[in-house]
Amino acid sequence: MRRTAVSSILAVIAFTLIFGLAYPLAMTGISQLAFPGEADGSRVKVNGKVVGSSLIGQSFSRPVVGKNGKPVLDEEGEEVLAPDKRYFQPRPSQSGYAANTTFFSNSGPNSVEEREAVRENLAAYIKLEKPYDESLTREDVPVDAITMSGSGVDPEISEANAQIQAHRIAAVRKLSLAKVEDLISAHTHGRFVGIFGEPGVNVLQLNLALDEEAPIR
């Protein structure tokens with residue numbers, strides 16, 4: 001029995017050292033050598049400062065300012081935010097784009113709560129975009145513009161979504177629509193290995209390109 005106990009303890013120690021220490025260190029070392037950017041989270045930097053990750057969606061919003069010139073607060077004392085019209089907007093997020101608590105609503109297609117949430121998202125999208133494109137109808141809105149992804153922090157939007165938002169961006173940034181569409185094309189990624197998924201537009205990278213093309217004063 002003693003021999004069995006000693007063998008068990010040695011096995012636990014050995015497997016702990018191999019799979020709990022040696023293997024993670026080896027994988028970390030290999031990834032740092034082969035894919036240093038991806039291993040560090042695909043961080044995006046501007047002038048040496050980290051502004052986000054190309055793999056994680058984030059909010060592009062501004063505080064709502066009241067008639068008194070001060071930010072409007074909600075019932076919990078938090079600032080009320082609205083989409084920043086100067087930037088392309090990401091997909092809706094259940095987690096408020098919190099990368100450390102990614103989740104989704106888990107509501108099915110028959111859920112009344114989910115149906116109401118989609119209706120609210122659709123109404124908000126039309127309200128934001130239609131003033132810049134009078135021909136826009138509810139039927140034109142792509143599904144990714146009003147639904148959440150599984151993670152809640154999808155960094156990309158569809159080409160159709162970006163094309164609709166391009167009208168607003170062109171007007172607010174005082175750029176030609178053709179120029180904005182060129183920027184969209186430059187930041188659109190194709191299907192994985194040419195067959196999987198759909199082309200997507202990276203929102204953070206596109207917005208950074210916008211700031212470079214038409215800096216905000």
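At-a-glance table
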item	result
Residues (closer than 16 Å to Asp211 by Cβ and open to solvent by less than 100 Å² (accessible area, probe 1.4 Å)) located in the stretch 49-58	Val50, Val51, Gly52, Ser54, Gln58
The stretch 53-78 residues that are among the charged types (D, E, K, R), paired with ones that are at pLDDT 85 or above (beta carbon under 9 Å, 6 or more apart)	Arg62/Leu81; Arg62/Ala82; Arg62/Pro83; Arg62/Asp84; Arg62/Lys85; Arg62/Arg86; Asp74/Val80
Verdict on Ala11 being open to solvent by less than 100 Å² (accessible area, probe 1.4 Å), out of contact with any Ser or Thr (no Cβ under 7 Å at 6 or more places or on another chain), farther than 30 Å from Val51 by Cα and modelled with pLDDT under 80	yes
Total residues in the stretch 188-216, condition part of a helix (DSSP H, G or I) and in contact with a helix residue (DSSP H, G or I) (Cβ under 7 Å, 6 or more places away or on another chain)	4
Residue satisfying all of: in the stretch 67-112; of a type in the set (Gly, Ala, Ser) and modelled with pLDDT of 85 or more; surrounded by the most Cβ atoms within 10 Å (Cβ to Cβ) among these	Ser93
Condition met for Glu159 (open to solvent by 60 Å² or more (accessible area, probe 1.4 Å) and closer than 14 Å to Pro90 by Cα)	yes
Contacts under 9 angstrom Cβ, first residue in the stretch 120-138 being open to solvent by 80 Å² or more (accessible area, probe 1.4 Å) and in a loop (DSSP other than H, G, I, E, B), partner modelled with pLDDT under 95 and not charged (D, E, K, R), 6 or more apart	none
The listed residue being buried (at least 19 other Cβ atoms within 10 Å of the Cβ), modelled with pLDDT under 95, within 24 Å of Lys45 (Cα to Cα) and not hydroxyl-bearing (Ser, Thr, Tyr), out of Gly152, Gly190	Gly152
Within the stretch 162-187, considering residues that are not polar (S, T, N, Q) and not in a helix (DSSP H, G or I), the one most open to solvent (accessible area, probe 1.4 Å)	Lys174
Subset tally (residues that are out of contact with any strand residue (DSSP E or B) (no Cβ under 7 Å at 6 or more places or on another chain) and among the hydrophobic types (A, V, I, L, M, F, W, C)) for the stretch 201-217	5
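The values are calculated or read from the model by the stated rules, or taken from the named source; none is laboratory data. Worth saying up front: this structure is predicted, and the values here are computed from it rather than measured. As a convention, Cβ positions derive from the backbone with ideal geometry for all residues, glycine included, and neighbour counts pool all protein chains shown. For accessibility, only protein heavy atoms count, side chains too; no ligands or nucleic acids. Shrake-Rupley method; radii C 1.70, N 1.55, O 1.52, S 1.80 Å.
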